[in-house]
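This report concerns only the one structure given below.
The values are calculated or read from the model by the stated rules, or taken from the named source; none is laboratory data. All figures in this text were calculated on a predicted structure; none of them were measured in a lab. With ideal geometry, Cβ positions are generated from the backbone for all residues, glycine too; neighbour counts draw on all protein chains shown.
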Amino acid sequence: MDDSLTSVKLSNGLQVPALGLGTWQSPKEEVKTAVRAALDAGYRHIDTAYNYMNEDAIGEVLQEYIKSGKVKREELFIVTKLPMIHMEPKLVKRSIEMSLKKLQLSYLDLYLVHFPVPLVYEGDDEKVFPVTEAGGWKAAEKTDLLGTWKAMEELIDLGLTKSIGVSNFSISQIERICKIAKHKPVTNQVECHVYWPQKELFDACKKQGVTITAYAPIGSPGRPERLKGKDEPVALEDPVITKIAKKYKKSPAHVLLRNLLQRGIIVIPKSVTPDRIRSNIQVFDFSLTKGEMDEIASIKTKRRYFDMMGAMFPNHPERPW
Ligand code: NAP
């Protein structure tokens, strides 16, 4: 076991388990099985979001494991995200309190601003993606990212979360926040995998002491059809990745995850399949050589699987891509 890669130190001194369980598109009943399998397999980092509508199911299992003494709260690293409809500074505290209640926790380890474009809050907390008549997401006219950040910082001062961070932010958005921050973002959670390695963003964040957390680390094969283009390259089937996997008798998912971990990137592969959950964490018993890391870095195929998220806001000043 290569201990040096099992956790990543954040700028506030906290250690985050470098591999966590993703839970986007994990329905309530399935996520309960998934979180139980993950905790039993040694995962201590769970990533969810207000928008995923599964915080309450995750909270049930966390309570069950903490109450029975199987895990201690302080061993866990629980992450959730501020929805786009609650980015108005006055709504931020109420939103984390709603998430904490569902998760049955008194504090989070990390709270992220989910996306830099605020959506209109219509007074309905369930309507997380209000739409325009044309069918697009209804972005708020007034945008105050720095105001949202100041409201996030207060959550640390109130003891509601130990760290704060962002997700889907561009280099310039990270720089603007770091310039005024009392508590800097500890991470920027973004799409990052072999076909979208985010080298420039990684370097710019590193300069500011901001880590990268990779979503879609194995290429998000289960993302909805509307996010899939025709003839898209499949990261799990990449010939370089499958060749290296064969050499180490590991799965392509292991090689994709190990590549990111060796770059110093936190990974949160999602699965609701207990066997895959148990398997995905088996990435600390082999390592890629420098030659293999270079070979993966030189793969020419490039593809941002979540292109559409930026395209939803063609004219918005905070559109991150
Ligand atoms: P991912 O983790 O790259 O891929 C998940 C998909 O891969 C699921 O369909 C899963 O299927 C399948 N899978 C898992 N392990 C596998 C294995 N060993 N072999 C083959 N297939 C496997 O993609 P993601 O869910 O898009 O991203 C990961 C997490 O990042 C999310 O769950 C979420 O927590 C976070 N995320 C954040 C944002 C954001 O905007 N901040 C956006 C997207 C995702 P089964 O579940 O059926 O096993």
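Of note:
- Taking region 242-253 as the range and being within 14 Å of the ligand (Cβ to nearest atom), in contact (Cβ under 8 Å) with a residue 24 or more places away in the chain and over 23 Å from the mean Cα position of the chain (by Cα) as the test, only LYS250 passes.
- Residue identified as within 16 Å of the ligand (Cβ to nearest atom), outside any helix (DSSP H, G or I), on the phi < 0 side of the Ramachandran plot and among the basic types (Lys, Arg) among LYS70, LYS81: LYS81
- Test for TYR43: is it away from the ligand (no atom under 14 Å from the Cβ), over 19 Å from CYS192 (Cβ atoms) and either hydroxyl-bearing (Ser, Thr, Tyr) or surrounded by 22 or more Cβ atoms within 10 Å (Cβ to Cβ) (or both): no
- Residue match in region 261-270 (condition: within 26 Å of ALA34 (Cα to Cα), free of Cβ contacts under 8 Å to residues at least 12 places away in the same chain and surrounded by fewer than 18 Cβ atoms within 10 Å (Cβ to Cβ)): no
- Consider region 283-312 and keep the residues that are within 14 Å of the ligand (Cβ to nearest atom) and either more than 24 Å from the chain's Cα centre (by Cα) or of a type outside the set (Lys, Arg) (or both). The one that is nearest to HIS193 (Cα to Cα) is TYR305.
- Residue satisfying all of: in region 1-31; among the hydrophobic types (A, V, I, L, M, F, W, C) and surrounded by fewer than 17 Cβ atoms within 10 Å (Cβ to Cβ); modelled with the highest pLDDT among these: LEU14
- Inspection of region 94-113 identifies no residue that is in contact with a His (Cβ under 9 Å, 6 or more places away or on another chain), within 20 Å of GLY310 (Cα to Cα), crowded, with 16+ Cβ neighbours inside 10 Å and not acidic (Asp, Glu).
- Only a single item in (1) touching a residue at least 60 places away in the same chain (Cβ under 8 Å); (2) within 14 Å of the ligand (Cβ to nearest atom) is not met by VAL186, and it is number (2).
- Of all the numbered requirements in (1) over 30 Å from ALA134 (Cα atoms); (2) more than 12 Å from the ligand (Cβ to nearest atom), SER279 misses one, and that requirement is (2).
- Candidates are the residues of region 101-120 that are closer than 28 Å to VAL131 by Cβ and aliphatic (A, V, I, L, M); the one that is nearest to the ligand (Cβ to nearest atom) is LEU112.
- The condition of being within 15 Å of the chain's Cα centre (by Cα), closer than 27 Å to ASP275 by Cα and β-branched (Val, Ile, Thr) holds for only one of THR6, THR33, THR80, that being THR80.
- MET152 meets each of the listed conditions (1) in a helix (DSSP H, G or I); (2) crowded, with 19+ Cβ neighbours inside 10 Å; (3) in contact with a helix residue (DSSP H, G or I) (Cβ under 6 Å, 6 or more places away or on another chain) apart from (3).
- Filter pass, LYS182 being on the phi < 0 side of the Ramachandran plot and not in a helix (DSSP H, G or I): yes
- Consider region 207-219 and keep the residues that are out of contact with any strand residue (DSSP E or B) (no Cβ under 8 Å at 6 or more places or on another chain) and either within 12 Å of the ligand (Cβ to nearest atom) or without any contact (Cβ under 8 Å) to a residue 40 or more places away in the chain (or both). The one that is nearest to ALA297 (Cα to Cα) is LYS207.
- Selection count, region 220-241, where residues are surrounded by fewer than 22 Cβ atoms within 10 Å (Cβ to Cβ), in contact (Cβ under 8 Å) with a residue 40 or more places away in the chain and outside any loop (DSSP other than H, G, I, E, B): 3
- Count of region 128-148 residues which are surrounded by 15 or more Cβ atoms within 10 Å (Cβ to Cβ) and either more than 16 Å from ILE177 (Cα to Cα) or aromatic (Phe, Trp, Tyr) (or both): 6
- Residues that are touching a helix residue (DSSP H, G or I) at 6+ places or on another chain (Cβ under 7 Å) and among the small types (Gly, Ala, Ser) are absent from region 66-73.
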